[in-house]
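The values are calculated or read from the model by the stated rules, or taken from the named source; none is laboratory data. It should be emphasised that the depicted structure is a prediction, and the values quoted were computed from it without experimental measurement. FYI the Cβ positions are ideal-geometry reconstructions off the backbone, even for glycines, and counts take in every protein chain you see. Calculation scope for accessible area: heavy atoms of the full protein, side chains included, ligands and nucleic acids excluded. Shrake-Rupley method; radii C 1.70, N 1.55, O 1.52, S 1.80 Å.
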Amino acid sequence: MLCFSAFAIAQDTTTKIPNDAVVVATIKGNNLLQLMSMEELNNSFVGAEILKEVSKKENKYNSLEDFGFNLGASSHYFFQVNDSINYNTIIIPIKDVNKFESFLKDQNNKEIVNQNGVKSFKDQNDGAIVWNDSVLIMVIGSTNDFYFENEEVINRYGLESEDYSSYEEFIDGAEEVVEVEEYVIESTEVYEEVEIEEVEEEIEETVIESTEIYEEDTDEDEEDYSYYNDYYNSNYTKKKELAKKWSMSKAIELLSQPVSKSILQNKSYLKSLDDKAEATLWISDFSSIYDNLFGSMYYRQLGGLNLGSMYADSGLTAKLFLEKDKLQLITTYTMSDEMAESYKKMTSNKLNKKFLKYINEDRMIGYMSYSISTKAALDEYPKLMKNLYSSMPSYGEEAGLAIDLFSLLLDEEAVSKVLPGDMLFLLSGISQRDVTYTTYEYNDDYEYVEIENTKTETVPDFLLMISTEDARFLNKFINYSIKKQLVTYENGYYVLTIPQSPLDVFFAIKDGIVFIGTSELEMNKIIKGTFDAKVSSKHKKLLLDSNYSAYLNGKQLASKIPMEDMSKDMVDKLNWFLNNTEDGYIKSSKIKGNSMDAEMVIEVPSTEENALKYLFNIIETFSK
């Protein structure tokens with residue numbers, strides 16, 4: 001048993017991922033090959049295109065296995081950060097090293113060197129590529145500019161220190177230019193009092209002097225440019241060489257990395273694993289990524305924004321499942337106690353149940369709902385912003401005062417009464433409408449005349465519902481719009497006509513709901529109380545149990561898309577999609593503890609064997 005475990009660990013490329021990686025993505029070849037055999041993969045459109053592309057060289061490849069990779073094992077990507085360099089690394093298992101090296105020689109014809117079992121190309125460009133008999137590791141390193149601004153580091157690696165004196169001289173020169181412009185304006189006012197001959201003499205002398213000064217300034221600018229150009233090229237070359245050297249060292253180190261230093265010792269990562277998932281993504285801590293990647297930007301371009309602190313202790317896990325009847329992506333976002341407490345308050349509101357009375361799923365292409373607490377958002381958002389701006393070296397205190405003033409002036413309670421924070425957008429159709437528009441052209445007499453033209457535009461048919469607990473302000477705004485003849489009132493609802501637009505927008509306020517839509521017929525039914533609602537328990541649950549949800553009926557969408565002006569090829573593709581598509585949806589849960597879950601599902605039609613083959617068929621259909 002011990003020998004078997006040791007063999008299993010040796011074959012597991014996860015051991016090559018370091019313990020302090022902050023991002024890890026994995027594709028599980030074994031799970032994918034259970035959904036699509038190697039023969040099916042080779043004969044698929046994607047597989048055939050790959051084989052055709054790589055066979056353009058001397059050798060012909062009949063199977064993806066001919067590349068020498070172990071397609072039945074897991075491949076990984078990871079991102080590792082430190083103060084000086086960040087590593088993007090790809091790890092791919094090798095099944096037959098002889099096939100793999102033959103494939104490499106055929107594709108790039110580079111010499112391969114072998115040093116104590118570690119193989120690589122003799123001459124490598126950026127990054128590093130190394131392998132042994134069982135695994136390929138590709139590392140691309142990118143140096144952190146902020147690290148190389150330290151004087152000790154500059155001296156250690158023989159870099160050039162940046163001199164800001166020329167920049168200050170440039171600023172002083174710009175100020176002098178402003179003074180000269182002011183003098184010129186004043187001089188023009190005096191010209192009228194001076195005789196023309198004297199003016200011409202002064203202008204001639206000034207031009208000669210200005211030309212000499214300009215030539216001197218130009219020479220200085222060229223010197224400054226030359227200095228910065230030499231500085232940039234010198235430092236860039238040295239840092240590029242360091243990145244290449246460090247990347248190679250990292251790649252060699254990973255090949256022989258012991259299990260004790262691998263990501264398998266990280267409890268958070270182990271907790272994220274799922275054998276049934278075809279692909280996974282794990283992000284340990286967003287704050288370390290922000291702090292490291294954008295460290296120098298914080299103090300220059302972003303002026304000290306404290307994104308690292310704002311996203312402290314926040315991470316993400318995503319799992320992709322390709323099943324027989326659906327493609328499912330499940331994500332879990334974790335956050336700090338402080339952030340979780342704020343988000344719980346902001347997402348405490350629920351969707352208005354009255355919205356369900358105005359849904360007819362037989363006429364529905366899709367919908368999107370969102371529910372937050374406006375009052376809590378206005379209370380909590382300034383706190384988050386103060387934390388974000390607090391570390392600004394120049395204006396942190398001023399930013400904090402401005403945020404406090406905003407909170408003081410804003411009546412959160414009143415705003416939340418007008419707009420509590422929940423809404424539902426329904427898409428019921430896509431249609432083509434003729435719209436008249438005016439252009440202007442010259443006639444034969446060179447007179448500018450109006451020309452009326454007509455064009456066809458594709459527009460959506462929708463209904464938007466927004467809750468309101470106090471419509472007084474909205475009514476005042478509507479009455480003002482009527483007075484200014486921007487809006488008209490008809491049969492209990494209002495009409496907004498947009499010039500040169502195919503859409504008339506109808507809106508009304510009823511039962512604590514603001515209705516905005518493009519269908520006059522539906523608005524009539526809403527006002528008269530005759531709307532024919534139809535909503536299943538499936539959609540009720542999706543809408544009412546989620547903080548955010550989105551739904552799309554694939555068949556309805558495909559059937560509503562106008563095809564009159566499309567090519568026969570595109571019509572054929574859309575007809576295929578119409579006959580081979582099902583529903584899809586996205587939803588997010590309320591926060592539980594410090595975590596928030598989200599789920600995306602795309603249903604697979606019964607004509608397909610599983611989600612993977614369905615994806616391959618979609619790619620093939622729309623790529624040909």
note = Kirkwood calc, the range 468-624, C-alpha pairs only, radius in angstrom 19.9
task = Could you sort out which of LYS271/LYS383; LYS28/LYS324; LYS510/LYS590; LYS353/LYS528 sit more than 21 Å apart by Cα distance in this structure?
result = LYS271/LYS383; LYS510/LYS590
query = ASN453 versus LEU273, label points 7 Å from Cα toward the beta carbon: distance in nm?
reply = 6.4
Quarter of Cα convex hull surface for the range 539-624, i.e. mean projection, nm² = 7.5
query = Can you tell me the accessible area per residue over the range 503-566, all protein chains present, probe 1.4 angstrom, in square angstrom?
reply = 47
inquiry  = Using just the Cα positions, wrap the range 313-356 in a convex hull and report its mean projected area in square nanometres, one decimal place.
reply    = 5.1
ask   = Ignoring ligands, DNA and RNA, what percent of the accessible area of the range 424-561 is carbon or sulfur (1.4 Å)?
value = 52
ask   = If the viscosity is 0.890 mPa s and the temperature 25 °C, what translational diffusion coefficient in µm²/s does Stokes-Einstein give for the range 409-561 when Rh comes from Kirkwood over Cα pairs?
value = 131
query = Give me the log10 of I(q) over I(0) for the range 48-99 at q = 0.23, 0.25, 0.29, 0.32 Å⁻¹, as the Debye formula computes it from C-alpha points; what are the numbers?
reply = -0.89, -0.96, -1.08, -1.14
request  = Compute the length gained on full extension between ASP83 and LYS57: take 0.36 nm times their separation in residues and subtract their Cα-Cα distance, giving the result in nm to one decimal.
outcome  = 5.1 nm
inquiry  = Per 0.36 nm of contour for each residue apart, how much would the distance between ASP20 and LYS383 grow if the chain were fully extended, relative to their Cα-Cα spacing?
reply    = 127.5 nm
ask   = With each pseudo-label sitting 7 Å past Cα toward Cβ, what's the MET563-LEU496 distance in nm, one decimal?
value = 3.5
remark   = Rounded to the nearest 0.05, FRET efficiency between ASP123 and GLU253 (Cβ-Cβ, R0 25 Å) equals 0.70
ask   = Rounded to the nearest whole Å², what accessible area per residue is found for the range 334-381 with the 1.4 Å probe?
value = 48
key: Protection-proxy order for peptides 433-441, 244-252, each taking the mean of Cβ atoms within 10 Å per residue, highest first   = 244-252, 433-441
query = At a Förster distance of 60 Å, what's the computed FRET efficiency of LYS476 paired with GLU111, Cβ-Cβ distance as r, to 0.05?
reply = 0.15
inquiry  = Can you tell me the length gained on complete extension of the stretch ASP597 to ILE619, counting 0.36 nm per residue apart and subtracting the Cα distance?
reply    = 5.0 nm
